[in-house]
Amino acid sequence: MSGHTVTFDGREIPALPGQTVAAALWSAGITAWRTTRWGGEPRGVFCGIGVCFDCLVEINGRANQRACLVPAAPGDVIRSGDEDVA
Ligand code: FES
């Protein structure tokens, strides 16, 4: 299966057709991409089904997108908003 790439905080990572942003990040070894408001605890995927909102990222300038639900499209620009976590 041929894939494509997206960028995450400026880093190019591979993604497969139909793969969610969260799955692409995990496949690239990125398991946390934001921190909690209080305590600065790392967060990535928790529920994986769109319920907990732990996996929020900015995708193509749209803030607060759930990485576990959004497919990673070719050329997507994904930002953690918290570059020191990634
Ligand atoms: S991991 Fe829970 S909403 Fe995405």
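The values are calculated or read from the model by the stated rules, or taken from the named source; none is laboratory data. What you see is a predicted model, and the numbers here were worked out from it, not measured in a lab. Note: ideal-geometry Cβ built from the backbone for every residue, glycine included; neighbour counts use all protein chains shown. Remember, those area values only see protein heavy atoms, side chains included, never the ligands or the DNA or RNA. Shrake-Rupley method; radii C 1.70, N 1.55, O 1.52, S 1.80 Å.
Report, to the nearest whole %, how much of the accessible area of the chain belongs to carbon and sulfur atoms, 1.4 Å probe, protein only. Write out the running numbers ahead of the final one.
On the way: 2650 of 4980 Å².
Answer for the chain is 53 percent, counting heavy atoms of protein chains only.
For the chain, report the accessible area per residue in Å² (1.4 Å probe, heavy atoms, rounded to an integer).
Accessible area per residue: 58 Å².
Does the chain come out rounded, prolate or oblate, given a ≥ b ≥ c as the square roots of the eigenvalues of its C-alpha gyration tensor, rounded meaning a/c under 1.5 and, failing that, prolate meaning a/b above b/c?
Taking the square roots of the gyration eigenvalues as a ≥ b ≥ c, the chain is prolate.
If each of E12 and R37 carries a label point 7 Å out from its Cα toward its Cβ, how far apart are those two points in nm?
Output for this residue pair reads 3.8 nm.
How would you rank 19-32, 37-50, highest first, on the average number of other Cβ atoms within 10 Å across their residues?
19-32, 37-50
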